[in-house]
Amino acid sequence: LREALHMLSEEGLPQVFARHLRLAEATRAAVRAWNLEILCERDDEVSPVVTTVVMPAGHDADRFRQVVLERFNMSLGAGLGKLADKVFRIGHLGHFNDLTLAGTLAGVEMGLKRAGVPHEPAGVRAALDFLAG
């Protein structure tokens, strides 16, 4: 806890919040480029800390998450309650930066392909373009 508080005070809370917003927007750019749906009723209420992605009909989110875990040793968040098997979550909170996000999104994109989930293979590029801009 002490180390985390030190890191926060070093970076500054406004910068931490801005970083989370920026990484969240890059993540959403990737999801949109994959042609997948972001689970949020209102665009002005998206989360700065986690993006929930809806799986296409006929595809199991838990199976996809298992493929990503087994193949790339990366854990994605699960859907809870009535969203179980229907969504997966990409976290972008805490000690997370552009490079960490790029690796995470690459793992998701490779996992989508490996699991046979229909998508456009352009999410990582869209996120990188956003982050570079």
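Restricting 46, 68 to those that are free of Cβ contacts under 8 Å to residues at least 60 places away in the same chain, over 23 Å from residue 132 (Cα atoms), surrounded by 15 or more Cβ atoms within 10 Å (Cβ to Cβ) and among the β-branched types (Val, Ile, Thr) reduces the list to 68.
Name the single residue that is farthest from residue 112 (Cα to Cα) among those in segment 29-43 being free of Cβ contacts under 8 Å to residues at least 24 places away in the same chain and open to solvent by less than 70 Å² (accessible area, probe 1.4 Å).
So the first thing to find is which residues in segment 29-43 are free of Cβ contacts under 8 Å to residues at least 24 places away in the same chain, and the list is 37-38, 40-43.
Filter once more, keeping what is open to solvent by less than 70 Å² (accessible area, probe 1.4 Å): 38, 40.
On the way: 38: 15, 40: 21 Å.
Among those that are free of Cβ contacts under 8 Å to residues at least 24 places away in the same chain and open to solvent by less than 70 Å² (accessible area, probe 1.4 Å), it is 40.
Once segment 88-105 is narrowed to residues that are open to solvent by less than 30 Å² (accessible area, probe 1.4 Å) and part of a helix (DSSP H, G or I), the residue that is nearest to residue 3 (Cα to Cα) is 101. Within segment 1-28, residues that are acidic (Asp, Glu) reach partners that are surrounded by 10 or more Cβ atoms within 10 Å (Cβ to Cβ) with beta carbons closer than 8 Å, at six or more positions or on different chains, in the pairs 11/19; 25/130.
Table: residues versus (1) closer than 19 Å to residue 127 by Cβ; (2) of a type in the set (D, E, K, R); (3) in contact with a helix residue (DSSP H, G or I) (Cβ under 7 Å, 6 or more places away or on another chain); (4) at pLDDT 95 or above.
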{"site": "26", "(1), (2), (3), (4)": "yes, no, yes, yes"}
{"site": "35", "(1), (2), (3), (4)": "yes, no, no, yes"}
{"site": "41", "(1), (2), (3), (4)": "no, yes, no, no"}
{"site": "45", "(1), (2), (3), (4)": "no, yes, no, no"}
{"site": "51", "(1), (2), (3), (4)": "yes, no, yes, yes"}
{"site": "60", "(1), (2), (3), (4)": "no, yes, no, yes"}
{"site": "67", "(1), (2), (3), (4)": "no, no, yes, yes"}
{"site": "71", "(1), (2), (3), (4)": "no, yes, yes, yes"}
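The values are calculated or read from the model by the stated rules, or taken from the named source; none is laboratory data. Only a predicted model underlies this, so the values are computations on that prediction, with no experimental measurement involved. Glycine also receives a Cβ, built like all others from the backbone with ideal geometry; neighbour counts cover every protein chain displayed. Surface areas here come from the heavy atoms of the whole protein model, side chains and all, with no ligands, DNA or RNA. Shrake-Rupley method; radii C 1.70, N 1.55, O 1.52, S 1.80 Å.
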